[in-house]
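Engineer: Below: one structure in structure tokens.
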Amino acid sequence: MKSDLIALLQTLGYPVFLQGSMNANEAYPDSFFTFWNFETPEAAFYDNDADRAVWGFWIYFYSVNPLLVETEPEKARKLLKQNEYILDGKANDIAVDRPTHTGAFFTVYKFENYNNTESEVNDNVENG
């Protein structure tokens, strides 16, 4: 799921990092995305077995250009929605530890449906 998210965000033309993974001595790129997987509970239980996982991500965008901080998170939201991510509101401002950058973040969710083939389902029914 993380690699899918990274690949989608990279199509917007910015580097993508795991939140907190940049070295404190490293220079920030002028503009970039980060993400954090804050929860992944399982759901839709049938016969004591989960049918899916629900991935929750915080998506961050940082830039030296405040206009991009207004526009790029919205582009990312639209892209993720087109790719079956569930949006949980618009982007919010965030504090940034570099005086050169401003930032915003938003929350998305994505279902990971576990694959049960038709034959597996039939075998479970027949074998009881």
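Engineer: Which condition number does residue 48 fail, the rest of (1) more than 16 Å from residue 4 (Cβ to Cβ); (2) in contact (Cβ under 8 Å) with a residue 60 or more places away in the chain; (3) not small (Gly, Ala, Ser) being met?
Structural biologist: That leaves (2) as the condition not met.
Engineer: Considering (1) within 15 Å of residue 113 (Cα to Cα); (2) surrounded by fewer than 19 Cβ atoms within 10 Å (Cβ to Cβ), say which one residue 47 fails and leave the rest.
Structural biologist: All conditions pass for residue 47, except number (1).
Engineer: For residues that are among the acidic types (Asp, Glu) and in a loop (DSSP other than H, G, I, E, B), tally how many sit in the stretch 29-82.
Structural biologist: Of all residues in the stretch 29-82, those among the acidic types (Asp, Glu) come to 30, 39, 42, 47, 49, 51, 70, 72, 74.
After this cut, where a residue has to be in a loop (DSSP other than H, G, I, E, B) as well, the list is 30, 47.
Within the stretch 29-82, residues that are among the acidic types (Asp, Glu) and in a loop (DSSP other than H, G, I, E, B) number 2.
Engineer: Restricting to the stretch 7-42, give me the number of residues that are over 16 Å from residue 97 (Cβ atoms), under 10 Å from the mean Cα position of the chain (by Cα) and surrounded by 15 or more Cβ atoms within 10 Å (Cβ to Cβ).
Structural biologist: Qualifying residue count for the region: 3.
Engineer: Going through the stretch 81-115 one residue at a time, which ones are loosely packed, with under 12 Cβ neighbours inside 10 Å and either at positive phi or among the small types (Gly, Ala, Ser) (or both)?
Structural biologist: 84, 89, 95, listed by residue number.
Engineer: For the list (1) of a type in the set (Asp, Glu); (2) modelled with pLDDT of 95 or more; (3) within 25 Å of residue 3 (Cβ to Cβ), I need the number of the one condition that residue 70 fails.
Structural biologist: All conditions are met except number (3).
Engineer: Which of the residues spanning the stretch 51-70 are free of Cβ contacts under 8 Å to residues at least 60 places away in the same chain, farther than 11 Å from residue 109 by Cα, of a type outside the set (Asp, Glu) and surrounded by 13 or more Cβ atoms within 10 Å (Cβ to Cβ)? Don't jump to the end; show me each part of the working.
Structural biologist: Step one: of the stretch 51-70, the residues free of Cβ contacts under 8 Å to residues at least 60 places away in the same chain are 54-70.
Applying the additional criterion that residues be farther than 11 Å from residue 109 by Cα yields 60-70.
The next check asks that each one be of a type outside the set (Asp, Glu); those that pass are 60-69.
Hits for the stretch 51-70 are 60, 61, 62, 63, 64, 65, 68, 69.
The values are calculated or read from the model by the stated rules, or taken from the named source; none is laboratory data. Model, not experiment: these values are computed from the prediction. All Cβ positions, even for glycine, are placed from backbone atoms using ideal geometry, and neighbour counts span all protein chains on display.
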